[in-house]
Each structure stands twice: as C-alpha cells, then as structure tokens.
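To keep things clear, I will list the structure first and then write my remarks on it.
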C-alpha cells in the first residue's frame, strides 16, 4: 500500500545538520530532506542538476556570480557544472531532488561528505 | 543568473484546473505546478514513477486497493504501472515531478489530456 509522506514529521526525526536523509525514490532520483545551518562547501556536480526546495527558513545559494535568496515555498535548480555553496544563517529545512548517483558534496571530498545516506 | 522560483506566485498566474504548467527542469524531469479540483481519470504510466506534493489543500489519491489522503506538506510517489485517480473535493495546489516523457493522463487519452504543456 502506498503512503503519504509528511515532510515535517520526517524532518522531526533527526537533528544533524548537512546530513540529508532519503524520504522517497522515483525513477532514478532520490527525494531527500535535510536540516542545514551555517556554511557548506563550494562544490559542483559534473553530471547532475540539483533542486533545493525550502520547506522552512531561508537558504542563501552562493554562486560565483552572486547570491540567490531562496525563501519558504521557493526552489532553485542548480544546473550541472555550476559551482554553488549553500548557506543558512539560521536553521533551514530543505527538500532536495537528486539523481541517485549524486554525492552531496559533488566534486569535493570534505569532512562534510556523507557517502552512506540513510532513509528517514 | 539563476533565480528562485516562488511556487505560490507561479500558481497565481493561471486559473485552469488539471492543466499542469512547467515551472522548472532538471536532468530529464520537469517540475510542474497544477491546480486541481474534482476528479481526474483513472490511468497509469507504463515507465514512469510520479511524485505529487501538496502545496495547498488536500488530495485524495484513489488507488485500486484503497484511497490515500495527502495533505499540505505531504507527498506521495505513485510507482510506474500503478493505476491511480487524483481527486480533490476542494481546490488543491500540487507540485509534480515527472520525467519529460510523461503524459499526465498516462495510458489514457481523454478530454483531459494536455499534450503541449506550457511553462508558467
């Protein structure tokens, strides 16, 4: 039996920042949920576009040619190859859509890199 | 320059029910927005899973083995091959994620079928 997934309830199940949890899969993509706060690392994805939908709070997407503010109920799509650095001054909750092959730190291996992303 | 897409603002730009508008594209998928009210047609997609995220209101996803209620801030993923019939008693706003190849009425050609889906 199929079920509805409540985004807020899923986000309430974990506390860690910058540690996306898988909340669904369709076709070759994962729907992921994450809590973010502070600054991530500059990175890009060679082959994958990436969607960030803000569920709660505000995301600043730093790009090499300027910043884009993404508020609640807004999304931004970062095309493949485009360097970006997500920043959230206060805690922000986001939904991500990424191909299953995507590593969240893209071309950069850092202490932030999580390779074994769990379901929530 | 990349831009944030405000979902509510995009939805305010059209009135028609059951007429999805494309609001973004990533990889081989479209992000679509739709206003729905009433009953859609029973259909399935042979090769594509489909995501329905409720932005406003309530969606009833009728399935052959029962109904699933999907409220605001919730999503449901209907796997390929699964017959479904979206119903909304009152007007409901949804975000869809679908492969670009997806026809919204799936295997069924009906008066509801829109083949030339515009951007919003």
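Kirkwood hydrodynamic radius (Cα pairs, Å) of the protein assembly as shown?
Numbers: mean 1/r = 0.0548 Å⁻¹.
After inverting the mean inverse Cα-Cα distance, the result is 18.2 Å.
How large is the convex hull of the Cα atoms of the stretch B:56-120 per residue, expressed in Å³ as a whole number? The partial results should precede the final answer.
Values: hull volume 7.7 nm³, N = 65.
Each residue corresponds to 119 Å³ of Cα convex hull volume.
Restricting to DSSP H runs of at least four residues, report the calculated mean residue ellipticity at 222 nm for chain A, -39500 (n - 2.57) per run over all residues, nearest 500 deg cm²/dmol.
Numbers: 1 runs with 5 residues, N = 120.
Counting only the DSSP helices, I get -1000 deg cm²/dmol.
R0 = 25 Å: FRET efficiency of residue A:47 with residue A:67, Cβ-based, nearest 0.05? Could you put the intermediate results ahead of the total?
Details: r = 25 Å, r/R0 = 0.99.
Efficiency for this residue pair is about 0.50.
Relative contact order of the stretch B:1-92: what whole-number percent is it, with Cα pairs under 8 angstrom and at least 6 residues apart?
Values: 172 pairs, mean separation 26.5, N = 92.
Contact order relative to length: 29 percent.
For the stretch B:22-99, count all C-alpha to C-alpha pairs, find those more than 15 Å apart, and express that count as a whole percent of the total. Intermediate values should be presented prior to the final figure.
Numbers: 1611 of 3003 pairs.
Of the Cα pairs, 54 percent sit more than 15 Å apart.
Considering only C-alpha atoms, what is the centroid distance from the stretch A:15-31 to the stretch A:78-96, in Å?
The stretch A:15-31 and the stretch A:78-96 have Cα centres spaced 14 Å from each other.
With 10 angstrom as the radius, rank A:17, A:45 by how many other C-beta atoms surround their C-beta, starting from the fewest. Walk me through the numbers before you get to the answer.
Numbers: A:17 15, A:45 23.
Sorted ascending by nearby Cβ count, the order is A:17, A:45.
Among A:95-101, B:92-98, A:2-8, what's the highest-first ranking by average C-beta atoms within 10 angstrom per residue?
B:92-98, A:95-101, A:2-8
Could you work out, residue by residue across B:70-79, how many beta carbons of other chains sit within 10 Å of that residue's beta carbon, and then give the average as an integer?
Values: counts 5, 2, 3, 9, 8, 9, 5, 10, 2, 4.
Average neighbour count from other chains, rounded to a whole number: 6.
Can you work out the PRE-style zone for residue A:85? Point 7 Å along Cα to Cβ, and I want the residues of the stretch A:8-26 with backbone N under 18 Å.
A:18
We did not get these values from a lab; they are worked out from the coordinates using the rules stated. Nothing here was measured: the structure is a model prediction, and the numbers come from that model. Glycine also receives a Cβ, built like all others from the backbone with ideal geometry; neighbour counts cover every protein chain displayed.
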